[in-house]
Structure formats: C-alpha cells, structure tokens
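Report on the structure given below.
The values are calculated or read from the model by the stated rules, or taken from the named source; none is laboratory data. Nothing here was measured: the structure is a model prediction, and the numbers come from that model. Every residue, glycine as well, gets a Cβ built from its backbone with ideal geometry; the counts of neighbours run over all protein chains shown. For accessibility, only protein heavy atoms count, side chains too; no ligands or nucleic acids. Shrake-Rupley method; radii C 1.70, N 1.55, O 1.52, S 1.80 Å.
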Amino acid sequence: MAAPRAGPVELGFAELAPAWRLRSEQFPSKVGGRPAGASGLPGPEALACALCGRPLAFLLQVYAPLPGRADAFHRGIFLFCCREPPCCAGLRVFRNQLPRKNDFYSYEPPSENPPAETESVCLQLKSGAHLCRVCGCLGPKTCSRCHKVYYCSKEHQTLDWRLGHKQACAQADHLDHIIPDHNFLFPEFEIVIETEDEILPEVVEKEDDSEIIGSMGM
C-alpha cells in the first residue's frame with residue numbers, strides 16, 4: 001500500500017518589515033518584538049520559567065489558520081523561551097484561535113495599505129486588559145506610585161524602574177510614549193512563508209566540455 005502523499009513543505013524567512021505590518025490586526029507571522037495578539041495572551045503564571053522562575057521572552061509567532069474549521073478561521077501559534085543563563089531554554093508553546101466573527105478582529109480582511117499616521121506602541125487590548133511595558137504580555141501589576149504603567153512581574157517592574165521609569169514616574173501623562181529599550185525583546189522581523197516548490201534553485205551555467213578540456217592542455 002502506497003504511503004499517503006505528504007503536503008507541501010513551507011519554509012519561513014525572517015525579513016525586515018514596517019512596524020504596521022507586524023501589528024495584531026495584520027495577523028502577522030513574526031520573530032521577536034512583542035507578541036501581536038488581540039486576545040488570548042498568556043498570563044504571568046503561564047510564562048514563568050519552570051527552572052528559574054523568571055518571565056519567559058516572546059520568541060516568535062506563526063499565523064496558521066485551519067481551512068474548513070470555522071472555530072479556527074484565525075489561529076496563531078506563539079513560542080516563548082527563557083533568556084536567563086544557564087536556562088536559555090524553557091520553551092513553551094501556546095495556541096490561540098477564533099472564528100471569523102469575533103469581538104477582537106474585523107470580519108473583513110485587513111487593509112494592505114499603511115496607516116495614514118504612525119501609531120505609538122499600544123499597551124492595552126480591546127478587552128481593556130493592560131500589557132507589560134517590558135515584554136508586551138498581560139500586565140496585572142501596576143506601579144504603586146503613578147498607577148499608569150503595568151507589568152507582568154516584579155522582575156520587569158524593577159528592570160523598567162532602573163531604565164528610566166524612576167525619573168519619568170512623575171510625568172505620568174507622557175508615560176505611554178516613553179518606552180525605553182529594555183534589552184529584553186528579541187530583534188523583530190516578519191516571517192515570510194513560501195512553499196518549497198516556489199523556491200527555485202539558482203541556475204548555474206555549465207561550461208562547454210571542449211573549453212574545459214582545452215584549458216587542461218588535453
């Protein structure tokens with residue numbers, strides 16, 4: 001009995017992309033940055049490293065809807081890992097899926113044109129849930145002084161305090177636009193997915209045999 005034919009192999013390539021293409025409403029596949037999801041992001045308990053207990057870092061996500069499944073019209077796979085030595089592992093995978101009609105995304109496909117205005121980083125979901133300023137995951141904790149910024153953990157609150165929030169805390173009205181580089185996120189790239197059949201090998205011109213023989217003095 002013949003073995004069932006395997007489906008096409010898909011390959012992902014990390015490429016630079018404008019920031020608007022990597023927002024949740026564009027359903028991106030991407031590496032690094034903050035997770036792009038309008039719902040279903042894991043909480044701090046789910047993102048604690050099993051070895052050291054520190055928060056896991058977002059590594060990548062892949063948009064992978066399931067054809068024929070109404071409940072998985074939108075489907076994303078999220079991968080997190082621990083960045084703290086000696087762990088540097090602790091991989092954890094999450095899945096989020098929604099039907100086409102839902103409370104978070106438009107029923108119609110997203111526009112392929114860039115927005116007219118550049119938007120700042122949004123740290124609040126449509127549901128009202130706040131996101132951590134450092135990692136972009138759910139942030140149930142808040143600064144006890146200004147009550148304007150949110151964190152997933154004490155570790156990330158301490159990191160943000162050392163990298164500028166201590167000075168900016170009194171300027172609470174402007175905190176949404178002041179997000180320093182915490183050196184916690186991975187560099188951000190879009191994952192461009194192509195099937196293996198679409199990637200043609202480079203054409204190499206073959207030299208004429210007579211020229212090769214002549215060059216060897218034969």
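Only one of Leu91, Leu66 is over 23 Å from Glu188 (Cα atoms) and either polar (S, T, N, Q) or open to solvent by 50 Å² or more (accessible area, probe 1.4 Å) (or both). Can you tell me which?
That would be Leu66, the only listed residue that is over 23 Å from Glu188 (Cα atoms) and either polar (S, T, N, Q) or open to solvent by 50 Å² or more (accessible area, probe 1.4 Å) (or both).
Within segment 24-43, can one find any residue that is under 18 Å from the mean Cα position of the chain (by Cα) and assigned to a strand (DSSP E or B)?
Yes.
Restricting to segment 78-88, name every residue that is open to solvent by less than 80 Å² (accessible area, probe 1.4 Å) and over 18 Å from Gly43 (Cβ atoms).
Answer for segment 78-88, where residues must be open to solvent by less than 80 Å² (accessible area, probe 1.4 Å) and over 18 Å from Gly43 (Cβ atoms): Glu84, Cys87.
Six or more apart or on different chains, Cβ atoms under 7 Å: show the pairs whose first residue is in segment 23-51 and within 15 Å of His156 (Cα to Cα) and whose second is of a type in the set (Ser, Thr, Tyr).
Pairs that qualify, where the first residue is within 15 Å of His156 (Cα to Cα) and the partner is of a type in the set (Ser, Thr, Tyr), are Pro44/Ser153.
Considering only residues that are aliphatic (A, V, I, L, M) and touching a residue at least 60 places away in the same chain (Cβ under 8 Å), which ones fall in segment 135-161?
Within segment 135-161, Leu138 is the sole residue that qualifies.
What number of residues within segment 94-117 are without any contact (Cβ under 8 Å) to a residue 12 or more places away in the chain and of a type in the set (S, T, N, Q)?
Total satisfying the criteria: 2.
For segment 94-106, enumerate the residues that are open to solvent by 60 Å² or more (accessible area, probe 1.4 Å) and under 16 Å from the mean Cα position of the chain (by Cα).
Passing the criteria: only Arg95.
So Pro187 passes all but one of these: (1) modelled with pLDDT under 85; (2) part of a loop (DSSP other than H, G, I, E, B). Which condition number does it fail?
Exception for Pro187: condition (1).
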